[in-house]
1. Of the residues Ala316, Ala332, which single one is of a type in the set (A, V, I, L, M) and not assigned by TED's automatic domain parsing to the domain that holds Pro179?
2. Does any residue in the range 125-154 that is in contact (Cβ under 8 Å) with a residue 40 or more places away in the chain and not assigned by TED's automatic domain parsing to the domain that holds Lys98 come within less than 7 Å, Cβ to Cβ, of a residue that is hydrophobic (A, V, I, L, M, F, W, C) and exposed (fewer than 10 other Cβ atoms within 10 Å of the Cβ) six or more places away or on a different chain, and which pairs are these?
3. Of everything in the range 22-64, what is exposed (fewer than 12 other Cβ atoms within 10 Å of the Cβ) and small (Gly, Ala, Ser)? Give them in sequence order.
4. Just one of Lys197, Lys187, Lys231, Lys169 is under 32 Å from the mean Cα position of the chain (by Cα) and of a type in the set (D, E, K, R); which is it?
5. Might you check whether a residue that is surrounded by 17 or more Cβ atoms within 10 Å (Cβ to Cβ) and in a helix (DSSP H, G or I) occurs anywhere in the range 304-312?
6. Within the range 261-272, can one find any residue that is in the same structural domain as Ile225 (by TED's automatic domain parsing), more than 30 Å from Gln203 (Cβ to Cβ) and among the hydrophobic types (A, V, I, L, M, F, W, C)?
7. In the range 200-219, what residues are modelled with pLDDT under 90 and aromatic (Phe, Trp, Tyr)?
8. Of the conditions (1) surrounded by 13 or more Cβ atoms within 10 Å (Cβ to Cβ); (2) touching a residue at least 12 places away in the same chain (Cβ under 8 Å), Asn110 fails just one. Which one is it?
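The values are calculated or read from the model by the stated rules, or taken from the named source; none is laboratory data. For clarity, every value in this text was computed on a predicted model and none was experimentally measured. Methodologically, a virtual Cβ is constructed for each residue, glycine included, from the backbone with ideal geometry; neighbour enumeration extends over all protein chains shown.
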Amino acid sequence: MPKKAAQLVCSKKELDTLTMLANGRKVEKRLAERAKIVLLCHEGLRNDTISKKLQTTVMTVAKWRNRFNKDRIEGLNDKTRSGKPKKYDESIRNNILKLIEQPVPRGQSNWDGESIAKRLGISHDIVWRILRKEGIQLQRMRSWCVSTDKEFTAKAADIIGLYLNPPEKALVLSVDEKPSIQALERKIGFVETSSGKIVKGLQSTYKRNGTLNLFAALNVATGQIKAKTTKRPDFQQFLDDILQGISSGQEVHVILDNYCTHKKNEDWLQKHPNVYFHYTPTSASWLNQVEIWFGILTRKALRSASFSNTDELKKAIEDFINGYSENSKPFAWKKREVRGSQLRNTITNLCN
């Protein structure tokens, strides 16, 4: 004779909770099934009848009947599991993290799982398990351009102040040069991939047909661009061109990269007392908004184009500038906080 199942009785509050769990759309499937089991148990059904009704096993029904009788609603949740015990101690972890900071084996450019395991006399599996846990990917690399300028904070604040709160009636210009733009000639068209997609195709080989330098000045207040293409760099001549028509009494604030700090530009400044230069910190050209515009120009007009000579390249740049200026808008500075970039040695920190 089969063993009689333990009687199960629910309070009204428990029935309401169980009904919600059994019918809730966002409730986990296994939790909903357990709630249905308990509700059918409350109705007095046998375990074998419930198992057939819910298409599960008699043992599963018995398990959740007994669990509910013991722990009520809380008993329907999975118990915390201790997990598989570690096969290594903290000293192995620390040894791995210290080793990958040491010089790599001769003939290798970086450490890998095999060389670490061989050096420490442990299995590959333990090495990769520890590296995964620490979030370290030995083959994946990134590069940073970190400003080491001691005056980074002051220079950045000066430039951002011009973006957010420029002097009244002053003209603020973001100026830079895009040197040696190549007139590349190559075949361009549309091709069908093996998956049937139609994509734009560029021939991998190309012919070089000369270069141009591009100077650009972005009006920070309006987003409009004044630019000039030249065969040879001539920064001062470009500044003279953009200052034409501007009253000598109007303040002009020019944001530019620190490479422009040589003496001849300082001499030019003395002849234009209404012009003020604001230099970006070293390795921080991203503070100069015209760099954003250079990126737009490259993406929309240069990257997937072909030019048989520099005249075609010049015309393409000028056409893009004319079209851009018709609908130009100022860039909005949204970064809330700018701090000097400091890369920390993450691996050392993990070891410590």
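1. Going through Ala316, Ala332 in turn, just one is of a type in the set (A, V, I, L, M) and not assigned by TED's automatic domain parsing to the domain that holds Pro179: Ala332.
2. Final answer for the pair search is Trp144/Leu343; Val146/Leu343.
3. Gly44, the sole residue that qualifies.
4. Lys197
5. Yes, the range 304-312 contains at least one residue that is surrounded by 17 or more Cβ atoms within 10 Å (Cβ to Cβ) and in a helix (DSSP H, G or I).
6. Checking the range 261-272: at least one residue is in the same structural domain as Ile225 (by TED's automatic domain parsing), more than 30 Å from Gln203 (Cβ to Cβ) and among the hydrophobic types (A, V, I, L, M, F, W, C).
7. Tyr206
8. (1)
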